[in-house]
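A.B. asks: Sharing a structure with you now.
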Amino acid sequence: MNLPLRHWHPETSVCSLRRHVTPAATVARLRPEDAGLGVDLPDGRRLARCVRCDVWLAVTPPADPTTETLPPLDELEVPRRGRPLRDAIVLRLIALDRAIHAVIFGLLAWLLIYIDLHLGGLQSGAHSLLQAVQRVLSNRGQQSSRDFIVSQLTNVLNLKASTLSVLAGSAVAYCVVESVEAVGLWLEQRWAEYLTAIATAGFLPFEIRALIDRVTVLRVVALVLNMAILVWLLWRKKLFGLNGGYHPKAEPFDRRELFGPPRPAAQPAASVPAP
Ligand SMILES: [Zn+2]
């Protein structure tokens with residue numbers, strides 16, 4: 001048996017979180033031209049349409065209506081739906097991705113600053129440990145284990161305070177940039193879309209370089225994800241005038257077509273008798 005394909009319906013998901021938007025449920029009376037938004041039933045109930053997800057809800061006409069009638073369609077408050085709603089959800093997912101980056105860079109910065117502040121103590125500890133390890137493992141003849149531990153401890157001994165400071169400073173800078181991107185994108189600020197696109201494009205050469213050095217699943221996933229984010233931002237958010245340019249107030253549907261009263265069914269053309 002072929003089941004129909006079920007597509008994700010973002011309007012329904014958002015309505016389940018934020019409740020339906022049914023302007024027809026809030027007014028005192030409905031007029032014939034409101035038939036696309038609400039209809040009064042003979043039993044006293046009212047059918048009101050959600051202007052986000054299009055579901056019709058059976059409600060009781062309000063005892064305390066906000067207004068007598070619905071406003072003209074041009075003035076009706078319609079929440080985001082369709083493409084703008086999907087774009088807003090994608091933008092929030094990118095904001096979450098950036099927030100995760102900010103946390104990782106923040107932790108890294110904290111670790112580097114901690115090592116930088118305690119470098120003297122760490123290096124003297126590593127020095128004592130190195131001597132002990134070399135003594136013990138040489139006696140036991142465990143060459144491979146010894147080499148690994150010695151190389152790690154030598155790395156600690158060779159750490160320079162100046163290098164650590166540069167790394168810590170870079171981690172703090174990335175943490176700040178990613179935090180600003182996350183907050184700006186979550187608040188749907190246009191400048192944050194530009195900042196994210198520029199920062200993501202700026203990171204790409206480093207990510208490609210890292211991938212050339214060594215291919216790991218994480219690096220491949222990060223590169224593909226960041227390229228997808230960059231292309232999506234440039235194209236869907238129409239940055240730098242791409243994809244026809246940005247028109248903030250453009251609505252991707254015709255209000256009259258969508259919420260206007262149903263049109264009467266077309267009458268079949270009268271048949272003309274053959275002469
Ligand atoms: Zn709804």
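The values are calculated or read from the model by the stated rules, or taken from the named source; none is laboratory data. On a predicted model such as this, the values are computed, not experimentally measured, just so you know. Every residue, glycine as well, gets a Cβ built from its backbone with ideal geometry; the counts of neighbours run over all protein chains shown. The accessibility values were calculated without ligands, DNA or RNA, using every heavy atom of the protein model including side chains. Shrake-Rupley method; radii C 1.70, N 1.55, O 1.52, S 1.80 Å.
A.B. asks: Just give me the residues in segment 222-252 being at pLDDT below 85 and either part of a helix (DSSP H, G or I) or open to solvent by 50 Å² or more (accessible area, probe 1.4 Å) (or both), in sequence order.
C.D. replies: G244, Y246, H247, P248, K249, A250, E251, P252
A.B. asks: Would you point out the residue of segment 26-37, among those that are surrounded by fewer than 21 Cβ atoms within 10 Å (Cβ to Cβ) and not acidic (D, E), that is nearest to L258 (Cα to Cα)?
C.D. replies: Only one residue tops the list, namely G36.
A.B. asks: Additional query: Of all residues in segment 208-241, count the ones that are under 24 Å from R190 (Cα atoms) and among the charged types (D, E, K, R).
C.D. replies: So the count comes out to 3.
A.B. asks: If I filter segment 193-212 down to residues being in contact (Cβ under 8 Å) with a residue 24 or more places away in the chain and under 20 Å from G241 (Cβ atoms), which single residue comes out as most open to solvent (accessible area, probe 1.4 Å)?
C.D. replies: If we take residues in segment 193-212 being in contact (Cβ under 8 Å) with a residue 24 or more places away in the chain and under 20 Å from G241 (Cβ atoms), then Y194 is most open to solvent (accessible area, probe 1.4 Å).
Rundown of residues vs (1) part of a helix (DSSP H, G or I); (2) outside the structural domain of L111 (by TED's automatic domain parsing); (3) out of contact with any Leu (no Cβ under 7 Å at 6 or more places or on another chain), yes/no style:
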position: Q152; (1), (2), (3): yes, no, yes
position: V156; (1), (2), (3): yes, no, no
position: L164; (1), (2), (3): yes, no, no
position: S170; (1), (2), (3): yes, no, yes
position: Y174; (1), (2), (3): yes, no, yes
position: V183; (1), (2), (3): yes, no, yes
position: L195; (1), (2), (3): yes, yes, yes
position: T200; (1), (2), (3): yes, yes, no
position: F206; (1), (2), (3): yes, yes, yes
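A.B. asks: Is one or more of the residues making up segment 142-157 surrounded by fewer than 16 Cβ atoms within 10 Å (Cβ to Cβ), within 35 Å of the chain's Cα centre (by Cα) and of a type in the set (D, E)?
C.D. replies: No, that holds for no residue.
Every residue, every condition in (1) within 30 Å of A182 (Cα to Cα); (2) hydrophobic (A, V, I, L, M, F, W, C), yes or no:
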{"site": "R49", "(1), (2)": "no, no"}
{"site": "A58", "(1), (2)": "no, yes"}
{"site": "L73", "(1), (2)": "no, yes"}
{"site": "L85", "(1), (2)": "yes, yes"}
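A.B. asks: Are there any strands (runs of 3 or more DSSP E) wholly within segment 1-111 with 1 or more residues that are within 16 Å of the ligand (Cβ to nearest atom), at pLDDT 90 or above and charged (D, E, K, R), and if so which?
C.D. replies: Of the strands (runs of 3 or more DSSP E) lying wholly inside segment 1-111, those with at least 1 residues that are within 16 Å of the ligand (Cβ to nearest atom), at pLDDT 90 or above and charged (D, E, K, R) span 46-49.
A.B. asks: Checking V215 against (1) open to solvent by 60 Å² or more (accessible area, probe 1.4 Å); (2) more than 23 Å from I115 (Cβ to Cβ); (3) in a helix (DSSP H, G or I): exactly one of these is not met. Which one?
C.D. replies: Answer for V215: the failing condition is (3).
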